[in-house]
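The values are calculated or read from the model by the stated rules, or taken from the named source; none is laboratory data. From a predicted model like this one, the values you see are computed outputs, not experimental measurements. As a convention, Cβ positions derive from the backbone with ideal geometry for all residues, glycine included, and neighbour counts pool all protein chains shown. To get the accessible areas, we keep the full protein, side chains included, count just its heavy atoms, and leave off ligands, DNA and RNA. Shrake-Rupley method; radii C 1.70, N 1.55, O 1.52, S 1.80 Å.
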Amino acid sequence: SHLVKLPTCELQRLREIADLVTSVRLSRIRKQKLALALKNEGYIPKLLQLFQVCESAQNTEGLHLLFDIVRGILYLDKAILFEVMFSDECILGVVGCLEYDPCLAQPGWHREFLTKIAKLQEVIPVRDPELRQKIRQTSRAQYVQAILTPNPSDFEEGFLSALNSFISSGKEEILHGLQKDEEFLPEVFAKLTDEATAGEQRCELMKFFKEFCAFCFTLPEKRDEFLQTLAKLRFLPILKMLVGMDDLQVRSAATDILSYLVEFSPATLHKFVMQEALQSENDTQLITEVIEQIIYSPNPEFGGDNQLMEILCALINPEKMMDTLSNLEVFEFLDIFYDRYIHVLTAPLLAETSGEWHEIVHYLFIFVQLKALIFLVDNYQTAEILASVLELLSFCVEQHKYHMKIYLTKKDLLRRTLVLMKSRHKFLALCALRFLRRIIGLKDELYNRYITLGNLFEPVVNAVLDNRDRCGLVKSALLELFEFIQKEDIQFLIAHIVENFSDALESVKYIHTFQRLKTKYEQEKDQQNEKLN
């Protein structure tokens, strides 16, 4: 009954209005009363009329005050005001006020962006006018939320909770409306795959569909039904095509959807990957597409995509596959993976480290098929890509013990990898060393014999000598490797190191690890002699 008394909505009273809006922030009751007063007196449209006057007159002080006022009204976080502020009549005025942040050297471009988005959203095949209006309103609310909270972690928990609820409620209405429309998803997929769809429209449609998927997957009661619908529409082949598109935004959104599937329904992906592997022998398969995107990036500053690497690891992880496939099926899939896909992953590594011309030509050919001779263009990008490949191969060493052992020894993969110990990029040298460490960590007799017969400790010992006068991660990683061999008492490797490299390691006597290795070797030899005697 006692609402806040509002000043007359005039230019000369803007300062008073701004002070009033700011003064109620700490009182929940006063915020509620102010919100009711603003709604009942139709105050927001009046403020937006003043905004037009100030902008026409280039009244900078007035525009800055209106920014404070409109932001303060949004900070009241009252749903009764959101319906007004996000309406067709007011939204451009609201975001127009938010363009004139006093902290910015130049005004923002919020109105232009929202207008452009509204035009692009026309591509979304929604026939119900009320539902289309709800999509527009929710999209605007999300945009304003992004302006107000550019870094959500910087704000206290529960900040703008009513705005968050307003957006969630809008999404639920949209989801309910779209699920009743049986033609919606088929039309979306048709437009996404239609070459006639303009690039910007496809991006906007993909962005909308990604949000739609994200919201469906977070609702357990809707998730299974949604997945069944996608399966009926043969969505995964379409998603595979979208992951391989040249448009970075479309590819990124498709990758996000793949991540949702990995998180909420890995069984769906495993079944699809297995069916693809059994039914087709061509190279346009999901795993091939994911690998290609990891080792081919349009951004010269980055190599493999971490998100795609996680997806690939989930797709080829036997432990996760066991949830939906039998032991025999998993083994059969790994047979196919090492027969058909692994060469795509190792192509850049084998091409970069091969010493034989015919091998270079062979792997170059494979790499050209993957769209780029990156290692001839940018060494740093090559190093990033090779580091990603080694990370994935390290995963394979641990998870695919039988298959990887055969492939690694057949291709002499460790020798090729240790060539990278001499790379000028220290992170790549560390990746190569970490690959060796994973192999030795298995304490597998076959691997140990392969290492000793190939004299593969030579580049490692050379790295120790090269780094003896330095302090850094490479030196620490090298010492940790030898410490592990000594503590785990891997006699086969200890004997090989001492017998072949003790003279070379004399120059690093001050590192006690090597002295302990020699002592272990001599103790073992004495014990063997005693047994013989």
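Between 98, 14, which is touching a Leu at 6+ places or on another chain (Cβ under 7 Å) and modelled with pLDDT of 90 or more?
Details: 98 fails: touching a Leu at 6+ places or on another chain (Cβ under 7 Å).
One residue alone meets the criteria, 14.
If the Cβ limit is 6 Å and pairs must be 6+ apart or interchain, which residue in the range 385-398 that is more than 14 Å from residue 418 (Cα to Cα) and aromatic (Phe, Trp, Tyr) pairs with which residue that is open to solvent by 10 Å² or more (accessible area, probe 1.4 Å) and part of a helix (DSSP H, G or I)?
Listed by first residue and then by second, the contacts come to 395/313.
Identify all residues within the range 471-498 that are free of Cβ contacts under 8 Å to residues at least 12 places away in the same chain and more than 35 Å from the chain's Cα centre (by Cα); write none if there are none.
Scanning the range 471-498 gives a single hit, 487.
Within the range 130-156, how many residues are aromatic (Phe, Trp, Tyr) and at pLDDT 85 or above? Step through it out loud before you land on a result.
Step one: list which residues in the range 130-156 are aromatic (Phe, Trp, Tyr), which gives 143, 155.
Of the ones still in play, those that are also at pLDDT 85 or above are 143.
Residues in the range 130-156 being aromatic (Phe, Trp, Tyr) and at pLDDT 85 or above: 1 in total.
When you check residue 221 against the structure, is it closer than 26 Å to residue 134 by Cα and open to solvent by 10 Å² or more (accessible area, probe 1.4 Å), yes or no?
yes
When you go through 531, 487, 509 one by one, which is the residue that is among the basic types (Lys, Arg), exposed (fewer than 15 other Cβ atoms within 10 Å of the Cβ) and modelled with pLDDT of 90 or more?
Among 531, 487, 509, only 487 is among the basic types (Lys, Arg), exposed (fewer than 15 other Cβ atoms within 10 Å of the Cβ) and modelled with pLDDT of 90 or more.
Determine which single condition residue 127 fails, assuming it passes every other condition in (1) outside any helix (DSSP H, G or I); (2) open to solvent by 60 Å² or more (accessible area, probe 1.4 Å); (3) modelled with pLDDT of 85 or more; (4) not hydroxyl-bearing (Ser, Thr, Tyr).
With respect to (1) outside any helix (DSSP H, G or I); (2) open to solvent by 60 Å² or more (accessible area, probe 1.4 Å); (3) modelled with pLDDT of 85 or more; (4) not hydroxyl-bearing (Ser, Thr, Tyr), residue 127 is out only on (3).
Can you find, within the range 490-506, the residue that is farthest from residue 448 (Cα to Cα) among those that are open to solvent by less than 40 Å² (accessible area, probe 1.4 Å) and not aliphatic (A, V, I, L, M)?
In this case the residue turns out to be 502.
Which of the residues belonging to the range 313-336 are among the aliphatic types (A, V, I, L, M) and part of a helix (DSSP H, G or I)? Quick ask: steps written out before the conclusion?
Taking the range 313-336 and keeping what is among the aliphatic types (A, V, I, L, M), we get 314-316, 321-322, 325, 328, 330, 334, 336.
Once the filter is applied, which keeps residues that are among the aliphatic types (A, V, I, L, M) and part of a helix (DSSP H, G or I), the range 313-336 yields 314, 315, 321, 328, 330, 334, 336.
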